[in-house]
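Participant: Structure incoming, see below.
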Amino acid sequence: MEIVIFDVQGFMAHFRRFYSSVTALTYHFPPRNTVVGILASILGYERDSYYEAFSRESSRVAVALRSPVRKVMLPTSYLDTDSISLRTLRGIHGTVPTSIEYLLAVPPHESVSYRIFVTHSDRSMLNQLRRRLAERRFAYPVSLGSANCLADARLVFAGEAVIEEGEGEEYPISTVIPQDAIPDRGLEPEEGTRIMLEERLPPDFGRGRTPTGPSKNYVFEPSGKPLRVRVRGEVFAVDTAEGRIYGVFM
């Protein structure tokens, strides 16, 4: 199986939780829909035109944290555009105060960074993605969620990945892991203190931004280190210059 791996990083990130309204809370890592949006930005797809091109039937993606992150809540004021006037557009009158939760790197790290793994049934699309990443030639600016969280992307690896069928064997998984891929007692205690977190991500989008499938829970290690876990189902392995990486697709 051919796979493309690239890193995306920026000063801050915001991946809005689908159930937050008044206060915009964030996930620790980009959901699959956000990763697909990053791919569409690099390749040049128009807004809302790429959901079928990157459906689960045609593409697989995985995400790994490359640095620990911390959350900060920043106050923000939106312009009140219910009634358009020179005063409201200048923010002189009628602003709407709210708060937005952002992700920042934990010192001494300077950037919020994620590693993206992509495979696609259309090899020509993968080749185009590889070329654009290698040449750093993106059709649209890349961002980590919100448009104001601009980011940069660089190619890490393009080549073959090995697929293994996990039947409860233990692997050092670097990516976030779907909870249903972990059998009972798949997470055994390790020596020392380890923190594992769980996020519930929204379903994929189909044509017209209609949700497809249920929401899913994902387990991850917040510091970005591999998590030793027994896995049931597909596990991919890639030999890079940094060593062998194991992961599970979202």
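The values are calculated or read from the model by the stated rules, or taken from the named source; none is laboratory data. If you're wondering where the values come from, they're calculated on a predicted model, not measured in any experiment. Cβ sites come from the backbone with ideal geometry, for glycine too, and all protein chains shown count toward neighbours. Calculation scope for accessible area: heavy atoms of the full protein, side chains included, ligands and nucleic acids excluded. Shrake-Rupley method; radii C 1.70, N 1.55, O 1.52, S 1.80 Å.
Participant: Say a site is exposed when it is one of the trypsin sites (Lys or Arg not before Pro), sits in a DSSP loop, and has at most 14 other Cβ atoms within 10 Å; what is then the longest site-free stretch of the chain?
Facilitator: Numbers: sites that count: Arg47, Arg56, Arg90, Arg136, Arg137, Arg185, Arg194.
Counting at most 14 other Cβ atoms within 10 Å as exposed, the longest clean stretch of the chain is 195-250.
Participant: What is the dipole size for the chain, taken about its Cα centre, with +1 at each Lys and Arg Cβ and -1 at each Asp and Glu Cβ, in debye to the nearest 20? Before the final figure, lay out the partial values.
Facilitator: Numbers: 30 positive and 31 negative charges, 189 e Å.
Using only the charged Cβ atoms, the result is roughly 900 debye.
Participant: Across segment 217-225, in residue order, what do the Karplus-derived ³J(HN,Hα) couplings come to in whole Hz, using 6.51 cos²θ - 1.76 cosθ + 1.60 with θ = phi - 60° and x for Gly and Pro?
Facilitator: 9, 10, 9, 7, 9, x, 7, x, 7
Participant: Show the residues, 5+ positions off or on another chain, whose built amide H is closer than 5 Å to the amide H of Ser111.
Facilitator: none
Participant: What list of ³J(HN,Hα) couplings, whole Hz, do you get for segment 14-19 from phi and the Karplus terms 6.51, -1.76, 1.60, once you set θ to phi - 60° and write x for glycine and proline?
Facilitator: 8, 10, 4, 5, 5, 9
Participant: Across segment 209-216, in residue order, what do the Karplus-derived ³J(HN,Hα) couplings come to in whole Hz, using 6.51 cos²θ - 1.76 cosθ + 1.60 with θ = phi - 60° and x for Gly and Pro?
Facilitator: Here the 3J(HN,Hα) series is 6, 7, x, 10, x, x, 5, 10 Hz.
Participant: Next question. Report the charge-dipole magnitude of segment 136-249 in Debye, nearest 20, computed about the Cα centre from +1 at each Lys and Arg Cβ and -1 at each Asp and Glu Cβ. Present the calculation step by step, with values, prior to reporting the outcome.
Facilitator: Numbers: 14 positive and 19 negative charges, 150 e Å.
For segment 136-249, the charge dipole is close to 720 debye.
Participant: State to the nearest 20 debye the size of the charge dipole of segment 24-154 about its Cα centre, where the only charges are +1 on K and R beta carbons and -1 on D and E beta carbons.
Facilitator: On the way: 17 positive and 11 negative charges, 111 e Å.
The dipole magnitude comes to about 540 debye.
Participant: Here's a follow-up. Can you list residues from other chains, or at least 5 along the same chain, whose modelled amide H is less than 5 Å from the amide H of Val142?
Facilitator: Ala151
Participant: In terms of modelled amide H atoms, which long-range or inter-chain residues lie less than 5 Å from the amide H of Arg17?
Facilitator: Counting only residues 5 or more places away or on other chains, the set is Leu25, Thr26, Tyr27.
Participant: With unit charges on the beta carbons (Lys and Arg positive, Asp and Glu negative) and the dipole taken about the Cα centre of segment 130-188, which residue among Phe138, Gly159, Ser174 sits farthest to the positive side?
Facilitator: Result: Phe138, furthest along the dipole toward the positive end.
Participant: Follow-up. Just to confirm a number: summing +1 for Lys and Arg and -1 for Asp and Glu over residues other than Ser113 whose beta-carbon lies under 9 angstrom from that of Ser113, what do you get?
Facilitator: Numbers: positive: Arg66, Arg115; negative: Asp7.
Within the 9 Å Cβ shell, the charges total +1.
Participant: Here's something else I'd like to know. Within segment 105-178, which GluC sites (Glu not before Pro) sit in a loop by DSSP and count at most 12 neighbouring Cβ atoms inside 10 Å? Write out the running numbers ahead of the final one.
Facilitator: Details: sites: Glu110, Glu135, Glu160, Glu164, Glu165, Glu167, Glu169, Glu170; in loops: Glu110.
When the GluC sites (Glu not before Pro) of segment 105-178 are filtered for loop state and at most 12 Cβ neighbours within 10 Å, Glu110 remain.
Participant: Moving on. Please figure out what share of the DSSP beta bridges in the chain is antiparallel and state it in percent, rounded to the nearest 5. All intermediate terms of the calculation are to be shown ahead of the outcome.
Facilitator: Values: 62 of 65 bridges.
Expressed as a percentage, antiparallel bridges in the chain total about 95.
Participant: Tell me the per residue accessible area of segment 92-161 using a 1.4 Å probe; a whole number in Å² is fine. Could the numbers behind the result be given before it?
Facilitator: On the way: 3560 Å² over 70 residues.
It amounts to 51 Å² per residue over segment 92-161.
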